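For reference, the structure is listed below as structure tokens.
Rule-based calculations on the coordinates, nothing more; no lab input. It should be emphasised that the depicted structure is a prediction, and the values quoted were computed from it without experimental measurement. Glycine gets a Cβ as well: all are built from the backbone with ideal geometry, and neighbour counts include every protein chain shown.
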Amino acid sequence: MFQSFFDKPYFMLQYFAVWAALLGVAIFILLPSYSGGWLMPLLVIGLTLTMRFDTMLLAIVPAVLLSPEPLETTVFLISLLPITVSIGIAAAALVHNTSHSILKPRWLNTCIGELASLLVRTNFFGWKMVHYYHHKHADDVENDPHCPKGRAFWPYANTMQKATVDYLDAKHLELHHLPKPIYILTMVLGALIFVGTPLFWLLVFGPTLFAAIWMPVFISGWWLFFVINYYNHPFDEKGVSTPVNLNTKVWHKLTNVVSFGTLYHKNHHEDASFFNPSKKPASESN
């Protein structure tokens, strides 16, 4: 997958086409069993048309209100929150770790990475490639696709997803210079995956559990992506950013427990071979 991005000009198009087709078939099979109203699917489509973190959070409100029994959905949502948030954070951490091909045998990385990516509505190929460039150009304000550039958290979180997509498209164009219609088709297929993924989970869970289970999983997964790229790459008073380890606050410690030490980000940048970077020997961590 990794080398194919560089060697095969049409690999990204083919990858998106396969995933769009798989989701389309799954939705077609599951659709007859859906018994909820159609305002919820419209919400799902609207949710995927934005990549803003604040909108992702706010979408929980209409998702709950549009479920058959909003009070019951709210009870489920609140009571399951520790579990769903933990699952979302763990899934995002697995996307991150498997993008480095840490697991053995190596084919496990693709299998687990794709499944975890499906759960948090991203695509493993795109995430893997952009993350490669993040490590290659870490904290370079011009070339690091995830560099916070000294912004506040919310402006950063609301733009990181779109910046990531734009970065991947720009790198592919730089490498392969395919005709414009190919990039338009690739963009359309990518949008279908963005729309199809939450629609798939809506059909799997139904309206109540979609709002109470999948949406918190999805949001908490992206929360971790934003956090590790923002708080683990702080800018100092000179405007210089470097990776840091975080494990001093309560939320740091809890996040590290469920994310396999992901907030030990300085350790990770020094040696990405550790599944849990908190296990990196102290003698090597400075």
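Some notes on this structure:
- Of all the residues in the stretch 25-44, those that are under 12 Å from Phe200 (Cα atoms) and either in contact with a Pro (Cβ under 8 Å, 6 or more places away or on another chain) or surrounded by 14 or more Cβ atoms within 10 Å (Cβ to Cβ) (or both) number 6.
- Single unsatisfied condition, Ile78 versus (1) within 27 Å of Met187 (Cβ to Cβ); (2) free of Cβ contacts under 8 Å to residues at least 12 places away in the same chain: (1)
- Residue match in the stretch 51-62 (condition: surrounded by 20 or more Cβ atoms within 10 Å (Cβ to Cβ) and among the β-branched types (Val, Ile, Thr)): no
For every residue, the table says whether it meets (1) free of Cβ contacts under 8 Å to residues at least 40 places away in the same chain; (2) in contact with a helix residue (DSSP H, G or I) (Cβ under 6 Å, 6 or more places away or on another chain); (3) surrounded by 19 or more Cβ atoms within 10 Å (Cβ to Cβ); (4) not aliphatic (A, V, I, L, M).
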site: Ala92; (1), (2), (3), (4): no, yes, yes, no
site: Leu103; (1), (2), (3), (4): no, yes, no, no
site: Cys111; (1), (2), (3), (4): yes, no, no, yes
site: Leu119; (1), (2), (3), (4): no, yes, yes, no
site: Trp154; (1), (2), (3), (4): no, no, no, yes
site: Ala163; (1), (2), (3), (4): yes, no, no, no
site: Leu168; (1), (2), (3), (4): no, yes, yes, no
site: Tyr183; (1), (2), (3), (4): yes, no, no, yes
site: Thr197; (1), (2), (3), (4): no, no, yes, yes
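- From His268, His233, residue being within 21 Å of Pro145 (Cα to Cα) and in contact (Cβ under 8 Å) with a residue 40 or more places away in the chain: His233
- Selection count where residues are of a type in the set (Val, Ile, Thr) and either in a strand (DSSP E or B) or surrounded by fewer than 19 Cβ atoms within 10 Å (Cβ to Cβ) (or both), scope the stretch 199-212: 1
- Residue match in the stretch 203-213 (condition: under 17 Å from Ala92 (Cα atoms) and aromatic (Phe, Trp, Tyr)): no
- Scanning the stretch 96-143 for residues that are assigned to a helix (DSSP H, G or I) and either at positive phi or aliphatic (A, V, I, L, M) (or both) returns Leu108, Ile112, Leu115, Ala116, Leu118, Leu119, Met129, Val130.
- Considering (1) touching a Pro at 6+ places or on another chain (Cβ under 6 Å); (2) over 27 Å from Ala59 (Cα atoms); (3) surrounded by fewer than 21 Cβ atoms within 10 Å (Cβ to Cβ), the lone condition that Val240 does not fulfil carries the number (1).
- Here Val227 meets the list (1) in contact (Cβ under 8 Å) with a residue 60 or more places away in the chain; (2) under 21 Å from the mean Cα position of the chain (by Cα) almost entirely, failing just condition (1).
Here's the yes/no breakdown for (1) hydrophobic (A, V, I, L, M, F, W, C); (2) in contact with a His (Cβ under 9 Å, 6 or more places away or on another chain); (3) under 22 Å from His269 (Cα atoms):
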{"site": "Ala152", "(1), (2), (3)": "yes, no, no"}
{"site": "Pro155", "(1), (2), (3)": "no, no, no"}
{"site": "Asp169", "(1), (2), (3)": "no, no, no"}
{"site": "Leu173", "(1), (2), (3)": "yes, no, no"}
{"site": "Lys180", "(1), (2), (3)": "no, no, no"}
{"site": "Tyr183", "(1), (2), (3)": "no, yes, no"}
{"site": "Leu189", "(1), (2), (3)": "yes, no, no"}
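- Hits in the stretch 232-286 (condition: part of a loop (DSSP other than H, G, I, E, B), of a type in the set (Gly, Ala, Ser) and farther than 22 Å from Ile89 by Cβ): Gly239, Ser285
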